[in-house]
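*Asks:* Sharing a structure here in structure tokens format.
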Amino acid sequence: MLRLVALIIICQGCSLLSCSEEADLSKSEDKTEKLPTSLPFEELELTDMSVFAPTGSNWQMVGAVYADFAKEGHIEMDEGQGVLVNSPQDDARENIHTKWEHGDLELELDVLMPKGSNSGIYFQGRYEVQLLDSWNIAVPAHKDMGGIYQQWDETKPDGEKGFGGIPPRINAARSPGLWQHFHIFFRAPRFDDNGNKIRDARFDYVYLNGVLLHEKISVSGPTRAHQLDGEAALGPLFFQGDHGSVAFRNIRYKTYGIDTLSLSNLQYRSYTGRWDHLPKFDSLKPFKEGTSDYIDIQNASETPNDFGVTFSGDLNIPTTGRYLFELEADDRAALIIDTQMVALDNEKGGNKVVGLADLMAGKLPFKLRYQQERGRSGLHLRYEGPEISWRSLAKPPAEETVRKQQDPIWIEVGEQPEMVRGFVMHADEKLTHTISVGTPQGIHFSYNLNQGALVKAWKGGFANVTNMWQGRGASQLLLPLNAAIQAPNLSSIAVIDEGTNWPDSAKHLQYLGYDLGEDQMPIFRFRMDEMRMSDRMLISEGKLKRQISVEGEGSTDVQLLLASALAIIQQPNGLFNINGQYFIDTEMDAFIQNFADHSELRVNFSSDLASYELIW
């Protein structure tokens, strides 16, 4: 559980909340939901080309792009700003790079790949994360979307020149023409004072569309087609422009150095007792005290239960700026810097609290209070600061009483579809009456039986049900094994006036069960007043096709809801782009109903059978 405590301090004499030894730590003002869980990213302002080093005319700044997913290399552009696009020509196929250089770098961006297109992101101009239209590739290679591209040695024999490429764990790529999101943490190589490399470059993680592709991957040298030779502590960020069309937007980053906060003159005092809140430790007599090189509650106390510990010393701050602290204690803790309360967790049970502090470079008094009742003990104190990635100030417990991780339970699909009843998350809501269907073709979906709604669809592996069977009594969720698109958790049919918001609940909708078709796929049956509805999914050519039939009295007054999203745009090829997540293709006379905060894609039901395809 994460609680946000809005306490921003400036350590130059201003006091928001006095936390001297006499302060009553049982009292705190909880101003929740105002603090971030990480420091903000820098935004690469895509207003004009001046943010990049000079390059070829194949690169330009535009307002929007459109790529027909069925046309090789197709891309069209609208005037404006906010999108960086590469459209290579015979006489212009240049790469592009930032004016600034980076060492360690955390990067987030959106990328759009036209059909068959090829590009790459080169960290420090040397280490490539591959960009490729890899739609529906069953077993991705290092050259597919999100792969760490191979290195190349021209001196080796044919067939051995390429080496070291690392494929993504899973193909999380969407179809061409859709925006896709990367989140990458790159660690630069390290060198000693003589310039000798002492640690390889490393990708701590690479996420694509929310799916982890790589974790702690070292790269011993520049990958093939690197933009800069050799290896160095710094280098610019390159985007490849000599292969195919590509577009980027929402480029955000954090650059990191090697400075850290540190503690000195650290002393501890241990106390015994039981308290229902953090006590005033100065009024108590310690049973043990001493010095320490780090915060370690196990070393500071000789008893596992009913004790308290205080740490005090100096906090050495390398750089003036804003720092974010995250405190997690089991049971209670408080962090004080220069008499100011930064983070306070006065509730039992392993909560996380965060606090912001604007700190001046130099040395400031540091205090940490911890109180343990019975059962599990633990204290974690992490921070993030200017050019400092998340690091720890407290030593984790040597033996945490966390349940030992067991082997995950995955459901694989054989020659027949698999169906699993269970709980599924939809945005922030847990859906309790769902059935998830895995197919041999590798396209899967979750269906809400309460609403008659297709709520989620994904490709690749089917389901992780570990959460349903290990430690039951917790969330008990079925988790897709790949990035899932999310459809609205709303009934597919309703009798409403045009221009009226689609109802949140399916009024009068009664679930009647399901039959199995010849393909062993479920056909869901519903009744609404005098009408009956059937709903089935079919898999064809990498697409999910939905067929809905409605019959009975009143069926001609029914509308069908195909999608509800922040933005729905009909593209020149006739497809509807649903919030950039997926396309809908239909031969029905669908129309977009716009509202102040969202849009809906609807159809007036006029025949016995309606159908549409989801493409992603």
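The values are calculated or read from the model by the stated rules, or taken from the named source; none is laboratory data. Computed from a predicted model, the values in this text were never measured in an experiment. Here the Cβ positions follow ideal geometry from the backbone for every residue, glycine too, while neighbour counts run over all protein chains shown.
*Asks:* Suppose we filter G13, G56, G82, G63 for residues that are at positive phi, modelled with pLDDT of 95 or more and out of contact with any Phe, Trp or Tyr (no Cβ under 6 Å at 6 or more places or on another chain); which single one remains? Give the derivation first.
*Replies:* Numbers: G13 fails: modelled with pLDDT of 95 or more; G56 fails: at positive phi; G63 fails: at positive phi.
It is G82.
*Asks:* If I ask for residues that are part of a strand (DSSP E or B), more than 24 Å from the chain's Cα centre (by Cα) and in contact (Cβ under 8 Å) with a residue 24 or more places away in the chain, which ones from the range 574-602 would you list? Talk me through it step by step, then tell me what you get.
*Replies:* Quick first cut of the range 574-602, residues part of a strand (DSSP E or B) only: 576-578, 582-585, 591-594, 599-602.
In the following step, the residues that additionally are more than 24 Å from the chain's Cα centre (by Cα) were identified as 576, 584-585, 591-594, 599-602.
F576, I584, D585, I592, Q593, S599, E600, L601, R602, listed by residue number.
*Asks:* Follow-up question, since we're still on this one. Determine the pairs where a residue that is β-branched (V, I, T), located within the range 90-104, has a partner that is assigned to a loop (DSSP other than H, G, I, E, B) and surrounded by 15 or more Cβ atoms within 10 Å (Cβ to Cβ) with Cβ atoms under 6 Å apart, the partner being 6 or more residues away or on another chain.
*Replies:* Note: pairs meeting the criteria are I96/T55; I96/G241.
To keep it simple, each residue is scored yes or no on (1) modelled with pLDDT of 95 or more; (2) surrounded by fewer than 20 Cβ atoms within 10 Å (Cβ to Cβ); (3) closer than 26 Å to G442 by Cα; (4) out of contact with any strand residue (DSSP E or B) (no Cβ under 9 Å at 6 or more places or on another chain).
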{"site": "G513", "(1), (2), (3), (4)": "yes, yes, yes, no"}
{"site": "L516", "(1), (2), (3), (4)": "yes, yes, yes, no"}
{"site": "P522", "(1), (2), (3), (4)": "yes, yes, yes, no"}
{"site": "D535", "(1), (2), (3), (4)": "yes, no, yes, no"}
{"site": "L544", "(1), (2), (3), (4)": "yes, no, yes, no"}
{"site": "Q547", "(1), (2), (3), (4)": "yes, yes, yes, no"}
{"site": "E551", "(1), (2), (3), (4)": "no, yes, no, no"}
{"site": "S555", "(1), (2), (3), (4)": "no, no, no, no"}
{"site": "F583", "(1), (2), (3), (4)": "yes, no, yes, no"}
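*Asks:* Can you give me the number of residues within the range 54-75 that are exposed (fewer than 14 other Cβ atoms within 10 Å of the Cβ), in contact (Cβ under 8 Å) with a residue 40 or more places away in the chain and assigned to a loop (DSSP other than H, G, I, E, B)?
*Replies:* Adding up the residues that qualify gives 1.
*Asks:* Same structure again: For the range 342-358: of the residues being crowded, with 24+ Cβ neighbours inside 10 Å and of a type outside the set (D, E, K, R), which is nearest to Y323 (Cα to Cα)?
*Replies:* To start, the set of residues in the range 342-358 that are crowded, with 24+ Cβ neighbours inside 10 Å comprises 342-345, 353-355, 357.
If we keep only those that are of a type outside the set (D, E, K, R) too, we end up with 342-344, 353-355, 357.
On the way: V342: 10, A343: 12, L344: 16, V353: 14, V354: 10, G355: 8, A357: 5 Å.
In this case the residue turns out to be A357.
*Asks:* Looking at the range 243-255, is at least one residue out of contact with any helix residue (DSSP H, G or I) (no Cβ under 7 Å at 6 or more places or on another chain) and farther than 21 Å from H181 by Cα? Walk me through it before giving the result.
*Replies:* Restricting attention to the range 243-255, the residues satisfying the condition of being out of contact with any helix residue (DSSP H, G or I) (no Cβ under 7 Å at 6 or more places or on another chain) are 243-255.
Those still in the list that are farther than 21 Å from H181 by Cα too: none.
Looking through the range 243-255, none of the residues is out of contact with any helix residue (DSSP H, G or I) (no Cβ under 7 Å at 6 or more places or on another chain) and farther than 21 Å from H181 by Cα.
*Asks:* Could you please find all residues in the range 359-372 being out of contact with any Phe, Trp or Tyr (no Cβ under 8 Å at 6 or more places or on another chain) and of a type in the set (D, E, K, R)?
*Replies:* Answer for the range 359-372, where residues must be out of contact with any Phe, Trp or Tyr (no Cβ under 8 Å at 6 or more places or on another chain) and of a type in the set (D, E, K, R): just K363.
*Asks:* For A506, indicate whether it is in contact with a Ser or Thr (Cβ under 8 Å, 6 or more places away or on another chain), of a type in the set (A, V, I, L, M), surrounded by fewer than 17 Cβ atoms within 10 Å (Cβ to Cβ) and assigned by TED's automatic domain parsing to the domain that holds N604. Spell out the reasoning first.
*Replies:* Numbers: in contact with a Ser or Thr (Cβ under 8 Å, 6 or more places away or on another chain): yes; of a type in the set (A, V, I, L, M): yes; surrounded by fewer than 17 Cβ atoms within 10 Å (Cβ to Cβ): no; assigned by TED's automatic domain parsing to the domain that holds N604: yes.
No, not satisfied.
Results for (1) over 24 Å from F576 (Cα atoms); (2) buried (at least 24 other Cβ atoms within 10 Å of the Cβ); (3) in the same structural domain as V211 (by TED's automatic domain parsing), shown as yes or no for each residue.
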position: D133; (1), (2), (3): no, yes, yes
position: I137; (1), (2), (3): no, no, yes
position: G159; (1), (2), (3): yes, no, yes
position: G165; (1), (2), (3): yes, no, yes
position: R169; (1), (2), (3): yes, no, yes
position: A173; (1), (2), (3): no, yes, yes
position: F182; (1), (2), (3): no, no, yes
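*Asks:* So if I check each of P222, P236, which one is modelled with pLDDT of 95 or more, outside any loop (DSSP other than H, G, I, E, B) and not hydrophobic (A, V, I, L, M, F, W, C)? I'd like the intermediate steps shown before the answer.
*Replies:* Values: P222 fails: outside any loop (DSSP other than H, G, I, E, B).
From the options P222, P236, the qualifying one is P236.
*Asks:* Would a scan of the range 462-478 turn up a residue that is crowded, with 18+ Cβ neighbours inside 10 Å, under 25 Å from S540 (Cα atoms), without any contact (Cβ under 8 Å) to a residue 40 or more places away in the chain and not β-branched (V, I, T)?
*Replies:* No; the residues of the range 462-478 include none that is crowded, with 18+ Cβ neighbours inside 10 Å, under 25 Å from S540 (Cα atoms), without any contact (Cβ under 8 Å) to a residue 40 or more places away in the chain and not β-branched (V, I, T).
*Asks:* Would you please name the residue that is modelled with the lowest pLDDT, looking only at residues in the range 29-53 that are of a type in the set (S, T, Y) and assigned to a loop (DSSP other than H, G, I, E, B)?
*Replies:* In the first step, residues of the range 29-53 are kept if they are of a type in the set (S, T, Y); the result is 32, 37-38, 47, 50.
Retained after the next criterion (residues that are assigned to a loop (DSSP other than H, G, I, E, B)): 32, 37-38, 47.
On the way: T32: 43, T37: 89, S38: 93, T47: 96.
Going through the qualifying residues, I end up with T32.
*Asks:* Can I336 be described as of a type in the set (V, I, T) and modelled with pLDDT under 90?
*Replies:* no
*Asks:* Pull up the range 361-411, narrow it to residues that are part of a loop (DSSP other than H, G, I, E, B) and at pLDDT 95 or above, then point me to the one that is farthest from P286 (Cα to Cα). Show your work before the answer.
*Replies:* Restricting attention to the range 361-411, the residues satisfying the condition of being part of a loop (DSSP other than H, G, I, E, B) are 361, 373-377, 386-387, 393, 395-409.
Now narrow it down to the ones that are at pLDDT 95 or above: 361, 386-387.
Values: A361: 33, P386: 37, E387: 39 Å.
Filtering first and then ranking leaves E387.
*Asks:* Answer yes or no as to whether D110 is over 16 Å from G63 (Cα atoms) and surrounded by fewer than 20 Cβ atoms within 10 Å (Cβ to Cβ). Break it down into steps so the answer makes sense when it comes.
*Replies:* Details: over 16 Å from G63 (Cα atoms): no; surrounded by fewer than 20 Cβ atoms within 10 Å (Cβ to Cβ): yes.
No, not satisfied.
*Asks:* Say we look at the range 301-315 and pick out the residues that are in contact with a Gly (Cβ under 8 Å, 6 or more places away or on another chain) and of a type outside the set (D, E); which of these is farthest from L261 (Cα to Cα)?
*Replies:* Filtering the range 301-315 down to residues in contact with a Gly (Cβ under 8 Å, 6 or more places away or on another chain) leaves 305-308.
Next cut, of a type outside the set (D, E) only: 305, 307-308.
Details: N305: 30, F307: 28, G308: 25 Å.
Across the range 301-315, the extreme among qualifying residues is N305.
*Asks:* Go through the range 243-259 and give me each residue that's buried (at least 16 other Cβ atoms within 10 Å of the Cβ) and outside any strand (DSSP E or B).
*Replies:* Residues satisfying the conditions are H243, G244, S245.
*Asks:* Out of the residues in the range 284-302 that are part of a loop (DSSP other than H, G, I, E, B) and of a type in the set (D, E, K, R), state the one that is nearest to Q267 (Cα to Cα). Break it down into steps so the answer makes sense when it comes.
*Replies:* First, pick out the residues of the range 284-302 that are part of a loop (DSSP other than H, G, I, E, B): 284-287, 292-294, 296, 301-302.
This time we only want the ones that are of a type in the set (D, E, K, R), so: 285, 293, 296, 302.
Details: K285: 15, D293: 9, D296: 11, E302: 16 Å.
The qualifying residue nearest to Q267 (Cα to Cα) is D293.
*Asks:* Just give me the residues in the range 195-236 being free of Cβ contacts under 8 Å to residues at least 60 places away in the same chain and among the aromatic types (F, W, Y), in sequence order.
*Replies:* Those that are free of Cβ contacts under 8 Å to residues at least 60 places away in the same chain and among the aromatic types (F, W, Y): Y205, Y207.
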